[in-house]
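Since every read-out is calculated from the coordinates, none of them should be taken as a lab result. Computed from a predicted model, the values in this text were never measured in an experiment. Neighbour counts run over all protein chains shown; Cβ positions are idealised from the backbone, glycine included.
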Amino acid sequence: MLMIYNFLHDYNIDYKDHGKNVSKRDVNIKCPFCSDPSYHLGINKEKGFWRCWICHRSGNFVELIKHLFDVSWNKAYKIASKYIEQSYSASDVSLKKTTEIKLPQNALPLGEKPEDSYLQKLWQKALAYCKQRKVPLEVVMSWYFDTKGFLIIPIETNGVLTAYVKRSFLNPTYRYLAFGGIGQSLYNYDNLHCKVAVLVEGIFDAISCGLDVSCAMFGKQPTDIQAKLLKKKVTDVIYCPDSDVKSYEVAQVVDKLTLFGLNCKVLKCEKGDPNSNEEFTKSLRRFLQEAYGVS
């Protein structure tokens, strides 16, 4: 729930919440983007989405704060987080005992060349796919493949196999298949040893950003368990969303990480994703070197 009236009062912003051109769901202010003669920018009182009925600009609560006060995205997120009422506290989320799972019976280690000629061909194709995706050899040696043409990527949390992900190396139209406690795990979590972590969507994004600091959450939004796992290891999170992630989705991630006591900075990959954008990953590494001394 958005505490919109608290925000408006704290920053002395004039508003109207009744009368002509004011929806029951909204509170209206003067639009900062156009020569609004009256109060034509309506803000949804519950969710913070807004729209001006004169210039037709629209967006979310964080965007509005950024433009109203001419601040950075990071500063806007921090201001916005003060006025988003949570129905629970981060301390309410407990890390349950990790449930260990087993890999499928047809999982074959990529680090061992199979004797069967058919399996050898599959093994060679799996290795070629990993090479194409620029997976480091030491990482490849910890992965598996199966008889149906899928990579099997183990996900360990605190030394325990908690999930695994399958990815086809024969049919690129297949996406990821996830098994086990995927929402209670982060790829590469056990290798985080700095005070900062880079948080990305996918496994190959994490590899491209550097496995010394990066982890993957397997989607666009971290779960509460994933956020609490991060809090146990790091103080700062550099969130690197793909180019197709909407600004309100970015704000939701930052809100959650902030709620769990993490300092969050957003570095968005403006074209594609970190795995496909080498220029972005180079700029990210420069930032990590300058800000945190991570080479």
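Can you tell me how much longer the chain between E278 and T99 gets when fully stretched, taken as 0.36 nm per residue apart minus their C-alpha distance, in nm with one decimal?
60.8 nm
Taking amide hydrogens as modeled 1.01 Å from N in the peptide plane, which residues meet the under 5 Å criterion relative to L161, leaving out close sequence neighbours?
I101
Output wanted: per-residue J couplings in Hz (rounded whole) for segment 120-136, from phi through Karplus 6.51 cos²θ - 1.76 cosθ + 1.60, θ = phi - 60°, x for Gly and Pro.
Each residue of segment 120-136 in turn: 4, 5, 4, 4, 5, 5, 5, 5, 5, 5, 5, 5, 4, 8, 6, 7, x Hz.
Among the lysines, which have Cα under 23 Å from the Cα of K113 when same-chain residues fewer than 8 positions away are ignored?
In chain and number order, the partners are K102, K121, K125, K131, K134, K148, K166.
Amide H neighbours of S214 under 5 Å, counting only residues 5+ apart in sequence or on other chains, H built in-plane at 1.01 Å?
Distant-sequence amide H within range of S214: V198.
Check the straight Cα-Cα distances from K195 and name the aspartates and glutamates below 13 Å, setting aside those fewer than 8 residues away within the same chain.
Straight-distance partners of K195: D212, D236.
Could you give the length gained by full extension between K24 and N12, i.e. 0.36 nm per residue of separation minus their alpha carbon distance, to one decimal place?
2.1 nm
Could you work out, for segment 127-170, what percent of all Cα-Cα pairs fall into each 5 Å distance bin, beginning at 0 Å and stopping at the bin that holds the largest distance?
Percent of pairs per bin, in order: 5, 21, 30, 26, 12, 6, 0.
Per residue and in cubic angstrom, what volume does the convex hull of the Cα atoms of the chain have?
Dividing the Cα hull volume of the chain by its residue count gives 151 Å³.
What are the ³J(HN,Hα) values, in whole Hz, obtained from phi via the Karplus relation 6.51 cos²θ - 1.76 cosθ + 1.60 with θ = phi - 60°, for each residue of segment 241-248 in sequence order, with x given for Gly and Pro?
After applying 6.51 cos²θ - 1.76 cosθ + 1.60, I find x, 5, 5, 8, 7, 5, 4, 5 Hz.
Taking amide H positions as placed 1.01 Å from N in the peptide plane, with prolines and chain starts having none, which residues 5 or more places from V237, or on another chain, fall under 5 Å of its amide H?
A197, N263, C264, K265
Whole-Hz Karplus ³J(HN,Hα) for segment 199-206, in order, using 6.51 cos²θ - 1.76 cosθ + 1.60 and θ = phi - 60°, x for Gly and Pro?
These are the phi-based 3J(HN,Hα) values: 10, 10, 6, x, 4, 6, 4, 4 Hz.
Could you please tell me the mean projected area of the C-alpha convex hull for segment 186-295, averaged over all directions and given in square nanometres to one decimal?
5.7 nm²
Taking other Cβ within 10 Å of each residue's Cβ, how do K45, K271, K24 sort, fewest first?
Ascending Cβ contact count within 10 Å gives the list K24, K271, K45.
Round to the nearest 0.05 the FRET efficiency obtained for S295 and M141 when R0 = 30 Å and r is the Cβ-Cβ distance.
The pair S295/M141 has a calculated efficiency of 0.80.
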